[in-house]
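Visitor: Structure in C-alpha cells, see below.
Coordinate-derived values only; no laboratory data. Only a predicted model underlies this, so the values are computations on that prediction, with no experimental measurement involved. FYI the Cβ positions are ideal-geometry reconstructions off the backbone, even for glycines, and counts take in every protein chain you see.
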Number of protein chains: 2
Amino acid sequence: MKLTASEENYLKAIYHLSEGASKSVSTNDIAAEMKTKPASVSDMLRKLGEKGVINYRKYYGVNITQEGKKLALQTIRKHRLWEVFLVEKLNFAWDEVHDVAEELEHIQSPLLIQRLDAFLNYPKFDPHGDPIPDEFGDVKARPRIPISEMEIDQSGQIVAVKDSSAAFLRYMDKVGAYIGARVKILDKVEFDGSVEILVDQKKSIFMSKDVASNILAIQS
Amino acid sequence: MKLTASEENYLKAIYHLSEGASKSVSTNDIAAEMKTKPASVSDMLRKLGEKGVINYRKYYGVNITQEGKKLALQTIRKHRLWEVFLVEKLNFAWDEVHDVAEELEHIQSPLLIQRLDAFLNYPKFDPHGDPIPDEFGDVKARPRIPISEMEIDQSGQIVAVKDSSAAFLRYMDKVGAYIGARVKILDKVEFDGSVEILVDQKKSIFMSKDVASNILAIQS
DNA sequence: AAATATAATTAGATATAGCTAAAAAAATAT
DNA sequence: ATATTTTTTTAGCTATATCTAATTATATTT
C-alpha cells in the first residue's frame, strides 16, 4: 500500500486522535487537527477507506485499521528519526525541528531510513521524549520515574503528576513547571532529598523531596 | 520567487541543457530529459515564462534568465549537498544516491541547507566530482590534472583524455577505464613513472607514464 | 514555391487536493 | 415528538501536473 504525502498526513492525524480517545474519530476533529475544512476531510476519508487503512462509515467517524496503524507508525518513525538528526547532528533547537521533519518524513526510501537509524545509533526516543517506533511499528514505552529518583545531570521530560489535586497543579503553574516541560537535574541535596531542576534550559526551580516525588518524568 | 518541486525540476533540466549548447533549448529536448511529453513541457514553459525564470518565445525554445539560473543553482546545490551526506555519512554507494537526493533537494528550509553544509564541512564537490555551488550560486571549477601527477592514495574521477584518438579510446575501453570512472592511485613506480590505479573500487589497472599522462582527472 | 515532414502548441481529459455553498443526516433541545 | 442546531456529506469549482489527440507553426525537400 503506497500513500501520497497528503494521505500520510491525514493518517498520522487520525492515528494521533485515535490514541487519545477510545471512540471513533470525527470529521471535524480531523479538520481541526489538519487545519483544513470538513469537506476536504470527507473526501479524504472516502479515499483512505477505499485503500483499507481506515474503517469509514459515513456520518459515524473513522477507526484506523491494523494496516493503517502500521503505516501511520512508519511515518511517525521517519518523522522522529529526522528530528533526532536535526537536533543531534545539525544543532537545531528542539522546537525548530517540527516543520522541517514534517517535510522530510515523506521522503520515500526504506534504505535511507534504515541507514539514518544506524547513523543515529538506533535512538529509541526523539528530542521531545516521544518514542520512536521500530521498523515493525513496535514502540518502547519509557518508564516514568519521579524526578526525585533521577540523577544529577540527567535530562528528561515531565509527563505526569501522581497527585493531581488543584492545589498541586496551582503549585506547578506558579513555579513554571508543566506537563511536557523538559527538565534537567542540576543538584540534589542528600540531607533532605530536595532537588534543583532546570526547566526548558532556562528557568531553575528548587523543590522539596515531596514535590519531586510527585512529578513523573521520562528520561532522555 | 517560490517554485513548486515540479517547476524546480524543469528549471534544473533547462539549466543543464543550456550548459551544453549555446543556443536555446527545445521543447522536445526538455521532454526527453524530464521523461514527459512535449505537451506537458509547453504548459510548464508558459508558467516558468510568466514567473520570469526563463525567456520563452513560442516555437523558438527557451533561454534561462539570470533569476532562473540562480534558482537552478540553488536546487543543484541542495541536490549535491544531500549526495555528499548520503555517501559520506550514510554510506550510500555513489551510484545509489541520485533518486533519494532528487527527493531531498525539494525540502524547503534555508536553515537546513546552511546547517547541512556546515555539518559536511562545506564540501566543494559532490561524490560524482561535480562542483557544489555556494549559497550565491558561484561554482568552483576544479583543476584537471593528469593521473600521472596524482599522489598515492588520492582519489578522483576521470573527466577527459588529452589524446582522444580512436586507438587510445580503444585502449581505455579494453582496460576498463572510462570518462566518469572514479579512480584511486594505488601505487606509482618511481623508476619509470608507471601507475597502478583502482577503478570504481574494484578493478585495478597498470598503466605506463605515457598513458597516465594522457588521462585527466579531477581530485576529490 | 509548394509539398512534406518535424516540432510545438492547444484543446480537452484525468487525478490529486483543496475550497465554498447547499443539502442531508444525526444529535440536542424544547 | 417536533424543532433546532450541529455535524457531515455532496456538488461544483479552482489549481497543479500530467496525458492523448488534434491543430498549427516552422523546417526541410523536391
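Visitor: Just counting partner chain Cβ atoms within 10 Å, what average do the residues of peptide B:115-128 show around their Cβ?
Guide: The mean count of partner-chain Cβ atoms within 10 Å per residue comes to 1.
Visitor: Rounded to the nearest 500, what is the 222 nm mean residue ellipticity of the protein assembly as shown from helices alone, with -39500 (n - 2.57) per DSSP H run of 4+ residues and division by all residues?
Guide: Roughly -12500 deg cm²/dmol at 222 nm, from the helical runs in the protein assembly as shown.
Visitor: Then there's this: Find, among the chymotrypsin sites (Phe, Trp or Tyr not before Pro) in the stretch B:1-106, those assigned to loop by DSSP (not H, G, I, E, B) with at most 14 other beta-carbon atoms within 10 angstrom.
Guide: Passing both the DSSP loop test and the Cβ count: B:TYR59, B:TYR60.
Visitor: Further question: Which whole number gives the average count of other chain Cβ atoms within 10 Å of the Cβ atoms across peptide B:89-95? Walk me through the numbers before you get to the answer.
Guide: Numbers: counts 5, 8, 3, 4, 0, 0, 0.
Per-residue shielding by partner chains comes out at 3.
Visitor: Assuming 1.306 mPa s and 10 °C, estimate D for the stretch B:5-64 with Stokes-Einstein, Rh taken as the Kirkwood radius over Cα pairs, in µm²/s.
Guide: D = 144 µm²/s.
Visitor: Using a Gaussian network for chain A with springs between C-alpha atoms less than 10 Å apart, which of these wobbles most: A:GLY61, A:GLY180, A:GLY20?
Guide: So, out of A:GLY61, A:GLY180, A:GLY20, the one fluctuating most is A:GLY20.
Visitor: Restricting to Cα pairs below 8 Å that are 6+ residues apart, what does the relative contact order work out to for chain A? Please round to a whole percent.
Guide: 15
Visitor: Provide the per-residue ³J(HN,Hα) series for the stretch A:108-121, in order, calculated from phi with Karplus coefficients 6.51, -1.76, 1.60 and θ = phi - 60°, each as a whole number of Hz, with x at glycine and proline positions.
Guide: Rounded to whole hertz, the list is 9, 6, x, 4, 4, 5, 4, 5, 4, 4, 5, 4, 8, 6.
Visitor: Using the count of nearby Cβ atoms within 10 Å as a rough guide to exposure, how do A:GLU149, A:GLU105, A:GLU33 rank from fewest to most?
Guide: In increasing order of surrounding Cβ atoms, one gets A:GLU149, A:GLU33, A:GLU105.
Visitor: Between A:ARG46 and B:LEU186, how many nm apart are label points set 7 Å from Cα along the C-beta direction?
Guide: 6.5
Visitor: For B:SER204, go 7 angstrom from Cα along the Cα-to-Cβ vector, then report the distances to that same point in the other copies in nm, smallest first.
Guide: 6.1
Visitor: For the residue pair B:ALA160 and B:ALA39, what label-to-label distance in nm results when each label sits 7 Å from Cα along the Cα-to-beta-carbon direction?
Guide: Distance between label points: 4.3 nm.
Visitor: Averaged over peptide A:103-109, how many Cβ atoms belonging to another chain are found within 10 Å of each residue's Cβ? Could the numbers behind the result be given before it?
Guide: Values: counts 6, 5, 0, 2, 6, 3, 7.
Per-residue shielding by partner chains comes out at 4.
Visitor: Spin-label point model (7 Å from Cα, Cβ direction): what's the B:ASP134 to A:THR4 distance in nm?
Guide: 4.1
Visitor: Any idea how far the Cα center of the stretch A:24-65 sits from the one of the stretch B:55-108, in Å?
Guide: What the calculation gives is 36 Å, centre to centre.
Visitor: What are the distances, in nm and sorted shortest first, from the label point of A:GLU19 to the label points of the same position in each other copy, with each label point placed 7 Å from Cα along the Cα-to-Cβ direction?
Guide: 4.4
Visitor: A follow-up question, please. For A:ASP95, place a label point 7 Å from Cα along the Cα-to-Cβ direction in every copy; what are the distances to the other copies, in nm, shortest first?
Guide: 4.9
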